[in-house]
Amino acid sequence: MPRILIVDDSRYQRHLVEKTLADVGCCEQAEDGAQAVRLFQQALHRGEPYDLVIMDILMPTMDGHRALAWMRRMEEQAGVLRPTRVIMLSSLDDPQNMMQAQFEEGAGAYLTKPFDPADMLAALRALEFAKNPLSADEPCANS
Amino acid sequence: MRELINLYPDLESVYLLVAQGGVFERPTMVQTVLGSCVSVAFFSRDSGFGGIFHALLPRSADYEKVLLPGNRFRYVDAAVDALAGALTRRGADLSEVECKVFGGAGALFQGEAGVGQKNVLAAYEALARHRLRVTASHVGGERGRKLVFFSHTGEVFVKYLGQAAAAGPSCRLEDKGRRRRAAGK
């Protein structure tokens, strides 16, 4: 079962996300970026890296961008071939934050709060954590 | 795909080509395939209809002094303007419209943003100009995407093209590795 790390300073948000991901994988939670980085590093050292991180941006101690940058650095140093997939989940929907997360930090998707569970499911399908009706059919034609 | 068709049988189906787009008042399943191009799916929950476009280039002013009406879906910024206008004319309140942004694939070239990245930025900026809310986006990376949009529910199904691996991120780490290997040779 995929290992998922949910990072958000709001206990309510973490609960909402965990509820949405109940059938997808085994969830752990972090209250801020610094705690997330520690958990991420421990998991990497154990040889059991997280498969998916759901990351908030605005958090005390360390924000989501900095935490994700640390995680990517650790993966690079550890020679990880397949970086952990990340869905950014933030109340910020300005171009700068969305560009930074997806083009500089390698987030696979960006959702804004309040999020629709259907959008979370769509992102999970696209990142291959949930059954995708598009993949069960004929291969896509490249055009 | 059959599963999706069965989800809403008897639905009209449209394949969106490059530089096409529009608002669909009747329930429609819209399919398209994206590389560096960008699609933005608009959905008005109150009105129950949506629109989508498939644009090729970021900003019209960089390519045409006077935008020809036939080219409005060719450019990301003009396409956002066109669909925002079309939704407003049909009575949608833009403050409740949900927008989802897809595409913009393409590797960095010597650290410079490619057209995919520029397309995505143009989309975000144009949407912000109209104060349209981006609820979800799935952009960047090195692989193209197949996309299916249901105009009457706002649902979007996305699948990466090519091999099943690497969903998502980051070309960035791979790029660095590649540059390092190249430098070591």
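All of the numbers you see were taken from the coordinates with simple rules; none came from a lab. Everything numeric here is computed off the predicted structure, so don't read it as measured data. Using ideal geometry, Cβ is built from the backbone for each residue, glycine included, and neighbour counts are taken over all protein chains shown.
The mean number of Cβ atoms from other chains found within 10 Å of a Cβ in peptide A:67-73 is 1, as a whole number. Spin-label pair B:D46-B:S95: with each label point 7 Å from Cα along the Cα-Cβ axis, the two points sit 0.8 nm from one another. Take the Cα of A:Q96, step 7 Å toward its Cβ, do the same at A:K131, and the gap between the two points is 4.4 nm. Pairs over the 26 Å Cα-Cα cut-off, from the set B:K65/B:K118; A:K19/B:K159; A:K131/B:K118; B:K65/B:K146: A:K131/B:K118; B:K65/B:K146.
Based on the alpha-carbon gyration tensor of the stretch B:120-159 and its eigenvalue square roots a ≥ b ≥ c, which shape applies: rounded if a/c is under 1.5, prolate if not and a/b is larger than b/c, or oblate? Oblate, since a/c reaches 1.5 and b/c is not below a/b.
Peptide B:55-67 has a mean shielding of 0, counted as Cβ atoms of other protein chains within 10 Å of each residue's Cβ. Between A:M1 and A:L58, what is the FRET efficiency for a Förster distance of 22 Å, r being their Cβ-Cβ separation, to the nearest 0.05? Step by step, r from the Cβ atoms, then E = 0.15. For chain A, a/c is less than 1.5, where a ≥ b ≥ c are the root eigenvalues of the C-alpha gyration tensor. That puts it in the rounded class.
Taking a spot 7 Å from the Cα of A:A78 along the direction of its beta carbon, which residues of the stretch A:2-30 have an amide N less than 20 Å from it? Within reach of a label on A:A78, which here means backbone N under 20 Å from a point 7 Å along Cα→Cβ, the stretch A:2-30 contributes A:2-8, A:25-30. Measuring r between the beta carbons of B:Y63 and A:Q42 and using R0 = 56 Å, the FRET efficiency lands at 0.65. Sorted on the mean count of surrounding Cβ atoms within 10 Å across their residues, most packed first, peptides B:16-24, B:87-95 read B:16-24, B:87-95. Here each label is just a point 7 Å from Cα along the line to Cβ, and for B:N71 and A:D116 those points are 3.4 nm apart. Calculated [222 nm] ellipticity per residue, helices only, for the protein assembly as shown: -9500 deg cm²/dmol; basis is -39500 (n - 2.57) per DSSP H run with n ≥ 4, divided by all residues, nearest 500.
What is the stretch B:35-116 by shape, rounded, prolate or oblate, if you read a ≥ b ≥ c off the alpha carbon gyration tensor as root eigenvalues and call it rounded for a/c under 1.5, prolate for a/b larger than b/c, and oblate otherwise?
Because a/c hits 1.5 or more and a/b fails to exceed b/c, the stretch B:35-116 counts as oblate.
Residues whose amide H comes within less than 5 Å of that of B:V14, counting only those at least five positions distant or on another chain, are B:M29, B:V30, B:Q31 (H built at 1.01 Å from N in the peptide plane).
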